[in-house]
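The values are calculated or read from the model by the stated rules, or taken from the named source; none is laboratory data. Please read all numbers here as calculations on a predicted model, not as lab measurements. In this analysis, Cβ positions are derived from the backbone assuming ideal geometry, glycine residues included, and neighbour counts consider all displayed protein chains. Keep in mind that these areas ignore ligands, DNA and RNA; they rest on the heavy atoms of the full protein, side chains included. Shrake-Rupley method; radii C 1.70, N 1.55, O 1.52, S 1.80 Å.
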Amino acid sequence: MNIVEQIEAVLEKGSIDTSPETRYVFRTDTTKFAGSPDVVVNVMTESEISKIVSIAAKNGIAVIARGAGTGMSGGAVPIKGGILLNFETMNKIISIDPKKKMAFVQPGVITDDLRKASREFGLYYPPDPSSSAVSTIGGNFAENAGGLHCVKYGVTARYVKGFKFVDSSGSIQKCGYYNDGNTFPGSYVMIGSEGTLGIVTEIALELIDDPPLHDVYITYHESLLNAISTVIKLKSTSISPAVIELIDKDALKAAVTYSGVTMPEGTEAVLIIKLDSYFLPELLEKEILIENIFSLLKVTSFKKAENEKEEQSFWDMRKAVSTSIKKLSSDKMNEDICVPLSNMYSFIESTRDISEKYSLKIVVYGHAGDGNLHVNILYDRNNRTESNNARLASEEVFKETIELGGTISGEHGIGLSKKNFMSLQYSKNEIAFMKKIKNAFDPDNIFNPDKIFNVTKG
Ligand SMILES: Cc1cc2nc3c(=O)[nH]c(=O)nc-3n(C[C@H](O)[C@H](O)[C@H](O)COP(=O)(O)OP(=O)(O)OC[C@H]3O[C@@H](n4cnc5c(N)ncnc54)[C@H](O)[C@@H]3O)c2cc1C
């Protein structure tokens with residue numbers, strides 16, 4: 001039997017697709033990287049995944065898991081061909097236990113579907129990547145996704161209480177909650193390992209009580225320094241904002257030009273800040289504190305949303321930034337870095353120097369509260385000099401990030417897009433250690449090969 005026939009023979013509820021159209025659809029994610037899967041399997045059960053991995057292991061074929069394909073580092077791109085496991089068809093919220101405050105989900109559940117379902121029980125699943133309307137919990141697990149509310153509530157890993165995965169021999173491993181709280185040795189390195197160590201088949205997630213009260217502010221600043229000082233001050237108080245988003249002047253200009261956003265003359269930076277609480281007196285106290293900080297720091301002006309419509313207009317402005325930036329050039333490199341808050345101002349100043357050096361526009365915005373910034377280097381893809389300069393500028397951005405004590409990926413992962421920059425951040429020994437972990441989990445290198453780094457078979 002050939003591979004397709006072998007897979008067909010073990011499928012229980014899933015289906016297989018080798019049509020050129022489907023293989024074309026699954027060739028890439030949101031990046032420019034592309035491959036071509038030999039076969040796409042719309043998986044539906046854990047035991048069929050286990051059998052498919054056994055077949056792949058025996059035949060030395062790559063296995064690539066894919067959620068919604070919203071990844072921004074090429075994680076789900078089948079560059080080595082192989083078997084692509086499409087999790088969109090394994091998308092059940094198995095149960096939500098309001099007493100234990102836990103959710104049990106299949107990997108293909110869409111992030112927002114879990115967030116909505118949790119709210120029906122008065123519970124809240126905080127990690128909210130901006131792609132949450134489309135991204136899957138499996139993809140969030142594999143990238144250890146962050147999001148707007150993660151400045152207060154933490155990223156995906158904080159909520160994972162257990163999971164099951166298929167290892168490289170095809171066996172099903174149970175970790176944490178699924179194994180009486182015990183873990184398969186080192187299993188938590190699976191979170192954020194970008195599908196390179198195993199295939200996750202079920203996840204147990206912690207939920208928290210949904211904070212019923214919140215306020216959303218927008219603040220306008222006449223200088224970037226003033227905006228960043230405000231972020232630092234807010235982080236040093238007990239206010240603990242649930243969201244602190246920063247939008248730099250060029251990102252603002254794009255939003256004003258292309259999305260009809262308006263703001264006071266001379267605005268150089270904007271913050272969108274959300275406060276939340278379980279108790280009204282606490283929220284009111286936070287309001288007084290935050291407004292005192294705004295006046296102490298001479299924030300040019302601020303506005304608290306008076307109703308849902310106004311609040312939505314603040315979020316729409318944040319959304320308008322990413323859509324408007326796309327209109328500024330034929331292409332962009334979207335780097336996602338993190339720097340310590342104390343170095344955020346120096347970092348953004350450096351991006352301006354880099355922008356000048358290479359005559360390229362660089363637009364910065366992002367989850368400023370946890371130092372996670374999206375640095376967009378805009379260029380004309382039909383202009384060879386600009387394309388080359390964009391690559392050089394991007395390398396300088398990473399070097400500057402490391403120089404300032406930061407990290408080359410805040411939340412989008414390494415995948416293919418950043419693997420050449422791993423040595424900027426990690427020593428040879430550190431990379432060798434990571435490769436040992438990969439070899440221990442996956443000695444035949446069948447899971448998502450050539451992502452993060454290249455390894456030789458163990
Ligand atoms: C507009 C936009 C905004 C975004 N905003 C954010 C943001 O705010 N924060 C953030 O963190 N990210 C953000 N992202 C990036 C992306 O949405 C996240 O990385 C997300 O977690 C990917 O989920 P996915 O289901 O699309 O995964 P995919 O792109 O399909 O896959 C991502 C990785 O997960 C692996 N994987 C998927 N399922 C499994 C499984 N069952 N077992 C093992 N490995 C698996 C894949 O192999 C791949 O390596 C954004 C993307 C877009 C397009």
Checklist entry - So Ile203 clears everything in (1) assigned by TED's automatic domain parsing to the domain that holds Arg66; (2) touching a Leu at 6+ places or on another chain (Cβ under 9 Å); (3) open to solvent by less than 10 Å² (accessible area, probe 1.4 Å) except one condition, right? Which one? => result (2)
Item to check | The one condition in (1) open to solvent by 50 Å² or more (accessible area, probe 1.4 Å); (2) within 13 Å of the ligand (Cβ to nearest atom) that Asp180 fails to fulfil | outcome: (2)
Next on the checklist: Any residue that is over 29 Å from Asn376 (Cβ atoms) and either hydroxyl-bearing (Ser, Thr, Tyr) or in contact with a Cys (Cβ under 7 Å, 6 or more places away or on another chain) (or both) - is there at least one of those in the stretch 304-314?
Outcome noted: no
Item to check | Subset of the stretch 390-418 [within 16 Å of the ligand (Cβ to nearest atom) and more than 24 Å from Asp370 (Cβ to Cβ)] | outcome: Leu416
Checklist entry - Out of the stretch 1-15, which residues are surrounded by 17 or more Cβ atoms within 10 Å (Cβ to Cβ) and not in a helix (DSSP H, G or I)? => result Leu11, Gly14
Checklist entry - Assuming Val151 fulfils every condition listed in (1) free of Cβ contacts under 8 Å to residues at least 40 places away in the same chain; (2) touching a helix residue (DSSP H, G or I) at 6+ places or on another chain (Cβ under 7 Å); (3) over 30 Å from Pro449 (Cα atoms) apart from one, which condition is it? => result (1)
Item to check | Top-ranked residue of the stretch 20-41 - restricted to ones that are basic (Lys, Arg) and at pLDDT 95 or above, ranked as farthest from Leu416 (Cα to Cα) | outcome: Arg23
Item to check | Where a residue in the stretch 285-306 is over 16 Å from Ile272 (Cβ atoms) and its partner, wherever it lies, is in a helix (DSSP H, G or I) and among the β-branched types (Val, Ile, Thr), with Cβ under 6 Å and at least six apart | outcome: Leu297/Thr230
Checklist entry - Wholly within the stretch 60-146, which strands (runs of 3 or more DSSP E) include no fewer than the required count, namely at least 3 residues that are open to solvent by 20 Å² or more (accessible area, probe 1.4 Å) and more than 6 Å from the ligand (Cβ to nearest atom)? => result 93-97
Item to check | Top-ranked residue in the stretch 155-171 [being touching a Pro at 6+ places or on another chain (Cβ under 7 Å) and open to solvent by less than 20 Å² (accessible area, probe 1.4 Å); ranked as farthest from the ligand (Cβ to nearest atom)] | outcome: Tyr159
